[in-house]
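I have placed the structure first, in the form of structure tokens, so that the comments after it can refer back to it.
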Amino acid sequence: MTVRVPAKVNLQLSVGPLRDDGYHDLVTVFHAVSLYDEVTVRPADRTSVQVTGRDAVSVPAGRANLAARAARALAASLRRRGRSAVQIEIRKRIPVAAGLAGGSADAAATLVACNDLWGAGLSPAELRDVAAGVGSDVPFALLGGTAVGQGRGERLTAALAAGTYHWVLAFAAAGLSTPEVYAACDRLRAAGGAAKGAANGTGPALSTELMAALRSGDPAAVGPLLSNDLQPAAVSLRPDLRRALAAGREFGALGAIVSGSGPTCAFLAANAGHARDLAVSLTGAGVCRGVVRVKGPAGGAAVVAAEPE
Ligand code: C5P
């Protein structure tokens, strides 16, 4: 059973104060983009994970792998005792620790694949519940499209968004750890006063301007409204990102942001031709390890092939 699953960028990422459980309350707008990993699962005697493709060596192997955890979480929720081991093969194109939710994507793909392979017949909503226990971004990788995430990011509402958006993603040489970026965000806020939204007792709020711009389908309206509260933290850990963001703006990107916890930078283009020009200019400027052009919104995790019995 093979499942294709997209990467995501966050069009808005508003981070509330640190909660007692170690997470932050979020309001985020997820947007799936056409950069995909593929995950194949097969019945096996014991669960294993093999990774090929981009950054394969830096994907955690064995029990620590998020895809393996997803398979176990699904088996546990189905009270499936025997016959729950699977060989998981991940063909990676989404870079690792990049702020693109690649690990979460692989976990979501594994849930869809195992649900099918085992004939479990869980509904999308039931699968989303299992996904939320595996990681904050996993439910969105199941859903795809453009959606508002609340809570840890796992409570989703599909967003009304018109049109297609053309992006250039600029990859950095090395990844960033999500918990470290959140911790840096807390430190910066502690040094600079109260957390945004915490001072007056309100949590983070969805940008109604951004939602209206998305409904209009106009990238020129969306670009200036992109926002990411984790960006100062990511830039503090990787000062080079400032150069990449500035270069993108200079080359006419309609919006330039760090994606999620970074270090990937996402640049919004006016159209496909503009995205091509932007990709060439960013490559020439030498501000990143590589670039890729993608379109959003992309569909969520979906079966692409079933192997004959
Ligand atoms: O849920 P997930 O395991 O993907 O989260 C990874 C880490 O990111 C958490 O351990 C936490 O440090 C941080 N995080 C957070 N607030 C969120 C989501 C993630 O602090 N809403």
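Could you tell me the calculated FRET efficiency between Thr52 and Ala205, based on Cβ-Cβ distance and R0 = 45 angstrom, to the nearest 0.05?
So, using R0 = 45 Å, E works out to roughly 0.60.
Give the long-range amide H neighbours of Gly255: residues separated by 5 or more places, or on another chain, with amide H under 5 Å away, using H modelled in the peptide plane at 1.01 Å from N.
Those qualifying (amide H under 5 Å, at least 5 residues apart or on another chain) are Leu268.
Once R0 is set to 22 Å, what does the formula 1/(1 + (r/R0)^6) return for the Cβ-Cβ distance between Glu250 and Asp218, expressed as a FRET efficiency to the nearest 0.05?
0.50
Under unit Cβ charges (Lys, Arg +1; Asp, Glu -1), what dipole magnitude, rounded to 20 debye, does the chain have relative to its Cα centre?
Dipole size: approximately 360 debye.
List the residues, sorted by chain then number, that are 5 or more residues from Asn228 or on another chain and whose placed amide H is less than 5 Å from its amide H.
Leu13
What list of ³J(HN,Hα) couplings, whole Hz, do you get for the stretch 298-303 from phi and the Karplus terms 6.51, -1.76, 1.60, once you set θ to phi - 60° and write x for glycine and proline?
Per residue, the Karplus-derived 3J(HN,Hα) values read 9, x, x, 4, 8, 5 Hz.
Per residue of the stretch 34-48, in order, report the coupling 6.51 cos²θ - 1.76 cosθ + 1.60 (Karplus, θ = phi - 60°) as ³J(HN,Hα) in whole Hz, putting x for Gly and Pro.
Calculated HN-Hα couplings, in order: 7, 10, 10, 9, 10, 10, 10, 10, 9, x, 8, 7, 9, 6, 9 Hz.
Would you please give the FRET efficiency between Arg81 and Ala302, computed as 1/(1 + (r/R0)^6) with r the Cβ-Cβ distance and R0 = 22 Å, to the nearest 0.05?
0.15
So how tilted is helix 178-192 from the main axis of the chain? Cα-based, degrees 0 to 90, rounded to 10.
Roughly 30 degrees, rounded to the nearest 10.
Round to a whole angstrom and tell me the spacing of the C-alpha centers of the stretch 148-178 and the stretch 34-62.
With the stretch 148-178 and the stretch 34-62 each reduced to a Cα centre, they are spaced 22 Å.
From the square roots a ≥ b ≥ c of the eigenvalues of the alpha-carbon gyration tensor of the stretch 151-309, which class results: rounded (a/c under 1.5), prolate (a/b over b/c), or oblate?
Rounded.
Could you look at the chain and say what percent of its accessible area is carbon and sulfur, using a 1.4 Å probe and all protein chains?
Here carbon and sulfur together make up 52 percent of the probe-accessible area.
Where Lys and Arg each count +1 and Asp and Glu each count -1, what net charge lies around Gly102 among other residues with Cβ under 10 Å from its Cβ?
0
Roughly how many Å² is the accessible area per residue of the stretch 45-93, as a whole number, for a 1.4 Å probe?
60 Å²
Tell me, what HN-Hα J-couplings in whole Hz come from the Karplus equation 6.51 cos²θ - 1.76 cosθ + 1.60 at θ = phi - 60° for each residue of the stretch 131-146, using x for Gly and Pro?
Here the 3J(HN,Hα) series is 4, 5, x, 8, x, 4, 9, 5, x, 5, 4, 5, 7, x, x, 10 Hz.
Extent of the stretch 79-219 along each principal axis, from alpha carbon coordinates, in Å, largest to smallest?
53, 37, 35
Per-residue accessible area for Phe171 at 1.4 Å probe radius, Å² rounded to 10?
Phe171 exposes around 10 Å² with every protein chain in place.
What distance in nm separates the simple spin-label points at Val280 and Thr164, each placed 7 Å from Cα in the Cβ direction?
Taking the simple label geometry, Val280 and Thr164 are separated by 2.0 nm.
Taking 8 Å as the Cα distance limit and 6 or more residues as the minimum spacing, I'd like the relative contact order of the stretch 1-85 as a percentage.
Worked out over the stretch 1-85, it gives 26 percent.
Using only Cα atoms, locate the centre of the stretch 218-236 and the centre of the stretch 64-96, then give the distance between them in Å, rounded to an integer.
First find each Cα centre; the distance between them is then 33 Å.
Under the definition of Cα pairs under 8 Å and six or more residues apart, what whole-number percent is the relative contact order of the stretch 30-138?
Reported as a whole number, the value is 36 percent.
For the chain, what does the alpha-carbon gyration tensor say about shape, rounded, prolate or oblate, given a ≥ b ≥ c as the root eigenvalues, a/c under 1.5 as rounded, and a/b over b/c as prolate?
prolate
The values are calculated or read from the model by the stated rules, or taken from the named source; none is laboratory data. Bear in mind that the values here come from a model prediction, so they are computed numbers and not experimental data. Positions of Cβ are generated from backbone atoms using ideal geometry, with glycine treated the same way; all protein chains shown enter the neighbour counts. Surface areas here come from the heavy atoms of the whole protein model, side chains and all, with no ligands, DNA or RNA. Shrake-Rupley method; radii C 1.70, N 1.55, O 1.52, S 1.80 Å.
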